[in-house]
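The values are calculated or read from the model by the stated rules, or taken from the named source; none is laboratory data. None of these values were measured; they are calculated from a predicted model. Cβ: placed from backbone, ideal geometry, glycine included. Neighbour counts: every protein chain shown. Each accessible area value is taken on the protein alone, full model and side chains, heavy atoms only, with ligands, DNA and RNA left out. Shrake-Rupley method; radii C 1.70, N 1.55, O 1.52, S 1.80 Å.
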Amino acid sequence: MKNLSANIIFFFAICSWIFSAHASANPLPVIYISTTSAVHLRSPEPISYVDLPTGKISGDLPLKNLLRLRILRQDSSVSYPRELGILTVTGEQFLAQYRIILVSPQAAQANSEIEILPQHMLPLVPAVSSLSTPQIRTKAMEVISSKPIRSLAKASNQGISLSVHQILSCGELIFLDLGFENATALEYQIDRISFGISDKKILKATNFQQFPLKIKQALHPLDKFSKQGRNIYILDKATFSSDKKLVIELSEKQPSSRLVSLSLNYRDILSADSF
């Protein structure tokens, strides 16, 4: 039991040292909180540990990935703004820290909801050595040499179908096995295939967010197909919350400009097999 306690203390001491070195070059993000409202932090992963400024803030987890913060009773003579300390949150694979600043109940900058963003996370799991270009190609050949049993997702439009056969992970990379079908007599000239993360629901146009994902490598330079096609696309791993989705779009060159769009949930990425 003593060894376990010592290991836990050592683990968080190392995390604190790493984060201090990181924060020296990247200032910590700020959470503005008031005495009259709670702040909710949304995490893309279940929250496993929280460290609050002692005696100043209370916190609870209404959901596994939702942390609720409230101010404890404060002296009415407190001046604003006031620094309360550092909040530390860890998920299964990340650590994030925030400065907590108390503001007056009338302050416009008081937060009510915050999403823990990738740029505010530090990995807890040591990074796997990156693969070289030849190694990535070798892995992609392994994927395409296996015959898919069934499609994980499929979308069709105007006789053109886009399918996701397999999602595999290797280190910090995601391998997407995509299939293409053409049920028409007109050859499909690919203009582009793109990947991005977007909101599942659009509540307001001004709040809609979409983040493009860069293709790290493609197995073949596929630019057209008559009846069928298949290719492997490699992306860097991306962490996003359950209220977002991965969108894959296949678009055709003019004048036909046929477009097929397919969406994947975060759980589809999380369930990717390693190889």
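Going by a ≥ b ≥ c, the root eigenvalues of the Cα gyration tensor, does the range 219-263 fall in the rounded group (a/c under 1.5), the prolate group (a/b larger than b/c) or the oblate group?
Details: a/c = 2.97, a/b = 1.59, b/c = 1.87.
Because a/c hits 1.5 or more and a/b fails to exceed b/c, the range 219-263 counts as oblate.
For LEU213, what accessible area in Å² do you get when you roll a 1.4 Å probe over the heavy atoms of the protein chains, rounding to the nearest 10?
Here the residue's solvent-accessible area equals roughly 40 Å².
Checking the cross-link filter: which aspartates and glutamates have an alpha carbon closer than 17 Å to that of LYS200, excluding same-chain neighbours under 8 positions apart?
Candidates past the 8-residue exclusion: GLU115, ASP243, GLU249, ASP268.
Expressed as a whole percentage, what fraction of the accessible surface of the range 42-161 belongs to carbon and sulfur atoms when a 1.4 Å probe is rolled over the protein heavy atoms? Please report the intermediate quantities before stating the final value.
On the way: 3680 of 7190 Å².
Carbon and sulfur atoms account for 51 percent of the accessible area of the range 42-161.
Provide THR54, THR88, THR35, THR133 ordered by accessible surface of protein heavy atoms (probe 1.4 Å), highest first.
Numbers: THR54 130, THR88 15, THR35 65, THR133 90 Å².
These residues rank, largest area first, as THR54, THR133, THR35, THR88.
Considering only the other residues whose Cβ falls under 14 Å of the Cβ of LEU259, what net charge follows from Lys and Arg at +1 and Asp and Glu at -1?
Details: positive: ARG192, LYS253, ARG258; negative: ASP191, GLU249, GLU252.
Summing Lys/Arg as +1 and Asp/Glu as -1 gives 0.
Sequence-distant or interchain residues sharing an amide H contact under 5 Å with PHE94, placed H: which?
Placed amide hydrogens put LEU124 under 5 Å from PHE94.
Can you find, among SER112, GLN93, SER79, the residue farthest towards the positive end of the dipole of the range 79-141? Put +1 on the C-beta of Lys and Arg, -1 on that of Asp and Glu.
Of the candidates, GLN93 comes out farthest on the positive side.
Give me the percent relative contact order of the range 33-151, please, defined on Cα pairs under 8 angstrom at least 6 residues apart. It would help to have the intermediate numbers written out before the result.
Details: 185 pairs, mean separation 33.4, N = 119.
Here the relative contact order equals 28 percent.
What figure in square angstrom, to the nearest 10, would you give for the accessible area of ILE31 with a 1.4 Å probe?
0 Å²
Please list, in order along the range 119-124, the HN-Hα scalar couplings obtained from phi with the Karplus expression 6.51 cos²θ - 1.76 cosθ + 1.60 (θ = phi - 60°), rounded to whole Hz, x for Gly and Pro.
6, 9, 9, 10, x, 8
Computed FRET efficiency, Cβ-Cβ of ASP273 and LEU72, R0 41 Å: what is it to the nearest 0.05? Let's see the in-between values first.
Details: r = 46 Å, r/R0 = 1.13.
With R0 = 41 Å, the Cβ-Cβ based efficiency is 0.35.
Which value, in Å² rounded to 10, gives the accessible area of LYS56 with a 1.4 Å probe and all protein chains present?
60 Å²
Kindly flag which residue pairs out of LYS56/LYS245; LYS227/LYS253; LYS64/LYS147 have an alpha-carbon separation exceeding 27 Å in this structure.
On the way: LYS56/LYS245 37 Å; LYS227/LYS253 17 Å; LYS64/LYS147 37 Å.
Check vs 27 Å cut-off fails for LYS56/LYS245; LYS64/LYS147.
With a ≥ b ≥ c taken as the square roots of the eigenvalues of the C-alpha gyration tensor of the range 139-275, please select rounded if a/c is under 1.5 and otherwise prolate if a/b is larger than b/c or oblate if it is not? Mind dumping the intermediate values first?
Details: a/c = 1.81, a/b = 1.11, b/c = 1.63.
Here the range 139-275 falls in the oblate category.
Where Lys and Arg each count +1 and Asp and Glu each count -1, what net charge lies around ILE101 among other residues with Cβ under 12 Å from its Cβ? Working shown, then result.
Working: positive: LYS56, ARG82, ARG99; negative: GLU83.
Computed value for this residue: +2.
Provide the net charge surrounding PRO148, with neighbours chosen by a C-beta distance below 11 Å and charges set as Lys +1, Arg +1, Asp -1, Glu -1.
My count for the surroundings of PRO148 gives +2.
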